[in-house]
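Reading through the structure tokens given below for one structure.
The values are calculated or read from the model by the stated rules, or taken from the named source; none is laboratory data. It should be emphasised that the depicted structure is a prediction, and the values quoted were computed from it without experimental measurement. Here the Cβ is made from the backbone with ideal geometry for all residues, glycine too, and neighbour counts use every protein chain on show. Please note that ligands, DNA and RNA were not included when accessible areas were found on the heavy atoms of the full protein model with its side chains. Shrake-Rupley method; radii C 1.70, N 1.55, O 1.52, S 1.80 Å.
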Amino acid sequence: MVRSLTRIAAALALLLSTAVIGLVGTAAPASADGCYTWSRTLAQGSSGSDVRQLQIRVSGYPAYGAVLALDGSYGPATKAAVKRFQQAYGLTADGIAGPQTYSKLYALQDNDCTPANFSYGELNRCNSSWSGGAVSASTAKANALVTMWKLQALRHALGDRAIYVNSGFRSYSCNSAVGGSSNSRHLYGDAADLAAGSHGFCTIAKRARYHGFNMILGPGYPNHNDHVHLAAPSSRYWSASTCGI
């Protein structure tokens, strides 16, 4: 009898130890999501496709003048972006992506992985195939998704009031029809032209500097007095002299 009880106690101890290790090592979210579900806690030093998925969603939180690399490597910049995201939504700001952070991301995204307040239709009024631009259709669509997450961060920073996208992806033919530049970022799918809305152009342009946009063109730049152009080329170019940019 004593031997049996000893064996049972040992088995229970092993089971408890395994459960605790599992909770610390994976920290799986409480529920699945229709778009994407993270299965482990991510922190500095993590790497993989799940890190890149996280980076896409926090790409709008890189700090002033910065752009977050979507490289699948959870380095200091990703930790800082996650921390800013957490601060923006009143979460524990430790720079570690766990259940609380995932729950907020799940609440913010639709089943097609677009953020709740933006859609592929808004970012592409040119065609339904995303083809005919300077990059492949899949790349153009992927670029637009990242742009939408940056816009979602910008929208939240501006008090969660609506931001209106006048133009997003363009094929070469669509770009020519509206008199766009021959090397327009719209051809790459990573650009968005915004209306003033209730914010005003300068408020949008100034705030966009904190949300991962390397290109900001607005009032004071030729042909941009009636919209703010945000995009993501490889190098920075900001010009909206009326707004002090």
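Take the residues in the range 157-197 that are in contact with a helix residue (DSSP H, G or I) (Cβ under 6 Å, 6 or more places away or on another chain) and in contact (Cβ under 8 Å) with a residue 60 or more places away in the chain; name whichever of them is nearest to Tyr221 (Cα to Cα). So, considering only residues that are in contact with a helix residue (DSSP H, G or I) (Cβ under 6 Å, 6 or more places away or on another chain) and in contact (Cβ under 8 Å) with a residue 60 or more places away in the chain, the one nearest to Tyr221 (Cα to Cα) is Ala192.
Contact map, the range 127-145: first residue free of Cβ contacts under 8 Å to residues at least 40 places away in the same chain and more than 19 Å from Pro115 (Cβ to Cβ), second residue open to solvent by less than 50 Å² (accessible area, probe 1.4 Å) and not in a loop (DSSP other than H, G, I, E, B), Cβ cut-off under 9 Å, separation 6 or more or different chains; pairs are Ser129/Ala137. The sole residue among Ala107, Ala116, Ala81, Ala77 that is open to solvent by 10 Å² or more (accessible area, probe 1.4 Å) and closer than 27 Å to Asp193 by Cβ is Ala116. Taking (1) on the phi < 0 side of the Ramachandran plot; (2) open to solvent by less than 50 Å² (accessible area, probe 1.4 Å) in turn, Ala63 satisfies each apart from (1). Filtering Gly200, Gly244 for residues that are farther than 20 Å from Pro115 by Cβ and touching a residue at least 24 places away in the same chain (Cβ under 8 Å) leaves a single hit, Gly244.
For the range 53-89, which residues satisfy the criterion of being in a helix (DSSP H, G or I), more than 16 Å from Ala232 (Cβ to Cβ) and not polar (S, T, N, Q)?
Leu54, Pro76, Lys79, Ala80, Val82, Lys83, Arg84, Phe85, Ala88
Considering only residues that are open to solvent by 40 Å² or more (accessible area, probe 1.4 Å) and not in a loop (DSSP other than H, G, I, E, B), look in the range 230-245 and name the one that is nearest to Phe201 (Cα to Cα). Step by step, filter the range 230-245, then rank; the result is Thr242.
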